[in-house]
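J.: First the structure, then my questions, so here it is.
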Amino acid sequence: DVVSLALPDQWHAIPAVMAARAGLDIYGEKPLSRSIRESRAICDAVHRYGRIWQTGSWQRSISNFHHACEIVRNGRIGKVHRVEVGLPYGHTDFGGTFGQEAPEKPPKNLDYDFWLGPAPWAPYHPDRCHYKFRFVSDYSGGDVTNWGAHHLDIAQWALGMDHSGPVEVVGHGQRNRSGLHDTFFDVHVDFLYDNGSTIEMRSGDKTGGVRIEGSEGWIDVSRETLNANSKSILDSRIGPNELQLVPQGTRTTHMGNWLDCVRANNSQRLNVPVETGHRSATVCHLANIAMELGRPLRWNPEQEQFVDDAQADRYRWRPPRAPWNT
């Protein structure tokens, strides 16, 4: 009846599209995709076949985050001008593989060629797989798509940009010159939106979180904390005629919200529908592309392409390896 898609990022798009074509509803882990064009293909398939898709950005189903964003979106801190996104040091927390590791023979119970799938072929090493695949650019986008897909998602929510995105992005980060783990870390990326607000994403936050600053105060939210200036902002009641980001009756677990929508065949009550997941993943990909190219980029969120920049546009797509390229 349904699919829970929890594969490495290079394996998100193909089974997602196949499941939608087969008439199955899907819970798809974040980030939505390995590239912007893959992400758009997933959205198109979900819409075409009328499926119920929940993106695994489960922070939207946590009271800290939806309460903070409801306060912001209902004007309690005034006009938002700046959002800080902190990324933990996940890259080093889980141990980096930086040298010239000798290839190993894959375990007998692993179909390694199939595990690679549409990603480029490379010799097997255990640090390519399991959790650490996130730090190999052929499969994922490092901490930017790992933690960023959570916290940038909340930043987009707070700014009311679930169906849009930034118009400019600039950033830099460190990258290992050798070894398996080659994604960016110690990142420093700035996003500008057409309403003048900015998101500043930085590595180094101990636990990671989001700080939203407005003309009349600020809110700082993470999985463990919710603070504000002034404190009275947190006691603010969202009235029945104000914007409710999480509909009444849907404040359950993230998976539970999806299953309720599947049973009701109602995608309107999802906490993170596919388009929202796509837009949040796109912000992550924009950050990595800007760091890769090392220069400011202009982005058109409506057309989902870079402005007068053919070189940057090529990074929207990661050509798949045969036979997974049809």
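J.: Quick one: Karplus J couplings for segment 70-75, per residue in order, coefficients 6.51, -1.76, 1.60, θ = phi - 60°, nearest Hz, x for Gly and Pro?
T.: Taking θ as phi minus 60°, the curve returns 5, 4, 5, 5, 9, x Hz for segment 70-75.
J.: Something else about it: How are the C-alpha pair distances of segment 1-158 spread across 5 Å bins, as whole percents from the shortest bin up?
T.: Binned Cα distances yield the sequence 1, 8, 15, 16, 17, 16, 12, 8, 4, 2, 1, 0.
J.: Can you give the alpha-carbon Rg of the chain over 2.2 N^0.38 Å, where N counts its residues? Could the numbers behind the result be given before it?
T.: On the way: Rg = 19.6 Å, N = 326, 2.2 N^0.38 = 19.8 Å.
Computed over Cα atoms of the chain, the ratio equals 0.99.
J.: Which is farthest toward the positive dipole end of segment 164-259 among 180, 221, 244, measuring Cα position about the Cα centre, with Cβ charges +1 (Lys, Arg) and -1 (Asp, Glu)?
T.: 180
J.: Under 5 Å between amide hydrogens, which residues at least 5 positions from residue 203 or on another chain qualify, with H placed 1.01 Å from N in the peptide plane?
T.: 87, 187
J.: Could you tally the net charge around residue 305, taking each other residue with its Cβ under 13 Å from the Cβ of residue 305, Lys/Arg +1 and Asp/Glu -1? Walk me through the intermediate numbers first.
T.: Values: positive: 37, 40, 298, 314, 316; negative: 302, 304, 308, 309, 313.
Overall, the nearby charge balance is 0.
J.: Additional query: In sequence order, what are the phi-derived ³J(HN,Hα) couplings for segment 265-281 according to the Karplus relation 6.51 cos²θ - 1.76 cosθ + 1.60 with θ = phi - 60°, rounded to whole Hz, with x for glycine and proline?
T.: Rounded to whole hertz, the list is 6, 9, 7, 6, 10, 6, 7, 9, x, 4, 5, 5, x, 4, 5, 5, 5.
J.: Assuming 0.36 nm per residue, please report the length gained on full extension of the stretch residue 229 to residue 295 beyond their Cα-Cα distance.
T.: On the way: separation 66, 0.36 × 66 = 23.76 nm, distance 3.54 nm.
Stretched out fully, the residue 229 to residue 295 stretch lengthens by 20.2 nm.
J.: Helix-only mean residue ellipticity at 222 nm, the chain, DSSP H runs n ≥ 4 weighted -39,500 (n - 2.57), per residue, nearest 500. What is it?
T.: Numbers: 10 runs with 94 residues, N = 326.
Calculated mean residue ellipticity at 222 nm is -8500 deg cm²/dmol.
J.: Moving to a separate point now. Please report, largest first and rounded to whole Å, the three semi-axes of the ellipsoid equivalent to segment 274-320, where each semi-axis is the square root of five times an eigenvalue of the C-alpha gyration tensor.
T.: Numbers: eigenvalues 57, 30, 25 Å².
They are 17, 12, 11 Å, listed largest first.
J.: Evaluate the charge dipole of segment 9-149 about its Cα centre and quote only its size in Debye, nearest 20, assuming +1 on the Cβ of each Lys and Arg and -1 on the Cβ of each Asp and Glu. Intermediate values should be presented prior to the final figure.
T.: Values: 17 positive and 15 negative charges, 130 e Å.
Dipole magnitude for segment 9-149 comes out near 620 debye.
J.: Can you list the HN-Hα couplings for segment 41-51, worked out from phi with the Karplus curve (6.51, -1.76, 1.60; θ = phi - 60°), rounded to whole Hz and with x for Gly and Pro?
T.: 4, 4, 4, 4, 5, 4, 5, 4, 9, x, 8
J.: With the cut-off at 28 Å, tell me which of the pairs 30/105; 105/132; 132/231 have Cα atoms farther apart than that.
T.: Values: 30/105 30 Å; 105/132 18 Å; 132/231 40 Å.
From 30/105; 105/132; 132/231, over 28 Å: 30/105; 132/231.
J.: Also: So if I place +1 on the C-beta of Lys and Arg and -1 on the C-beta of Asp and Glu, and nothing else carries charge, what would the dipole magnitude of the chain be about its Cα centre? I want it in debye, nearest 20.
T.: 420
J.: Please compute the length gained on full extension between residue 236 and residue 259, using 0.36 nm multiplied by the number of residues separating them and subtracting their Cα-Cα distance. All intermediate terms of the calculation are to be shown ahead of the outcome.
T.: Numbers: separation 23, 0.36 × 23 = 8.28 nm, distance 3.08 nm.
Gain on stretching residue 236 to residue 259: 5.2 nm.
J.: Full extension from residue 266 to residue 49: what is 0.36 nm times the residue separation minus their Cα-Cα distance, to one decimal in nm? Mind dumping the intermediate values first?
T.: Details: separation 217, 0.36 × 217 = 78.12 nm, distance 1.38 nm.
Full-extension gain reported as 76.7 nm.
J.: Would you please name the trypsin sites (Lys or Arg not before Pro) within segment 258-319 that are DSSP coil residues with at most 12 other C-beta atoms within 10 Å of their C-beta?
T.: Values: sites: 263, 269, 279, 298, 314, 316; in loops: none.
Passing both the DSSP loop test and the Cβ count: no residue.
J.: How many angstrom lie between the Cα centre of segment 254-326 and the Cα centre of segment 40-77?
T.: So the two Cα centres are separated by 14 Å.
J.: While we're looking at this one, here's another question. With only alpha-carbon atoms in the gyration tensor, what are the semi-axes of the equivalent ellipsoid for segment 195-326, in Å, largest first? Don't skip to the end; give the middle numbers.
T.: On the way: eigenvalues 213, 123, 45 Å².
Largest first, segment 195-326 gives 33, 25, 15 Å.
Since every read-out is calculated from the coordinates, none of them should be taken as a lab result. Keep in mind that what you see is a predicted model, and the values were worked out from it rather than measured. All Cβ positions, glycine included, derive from the backbone under ideal geometry; neighbour counts span all protein chains shown.
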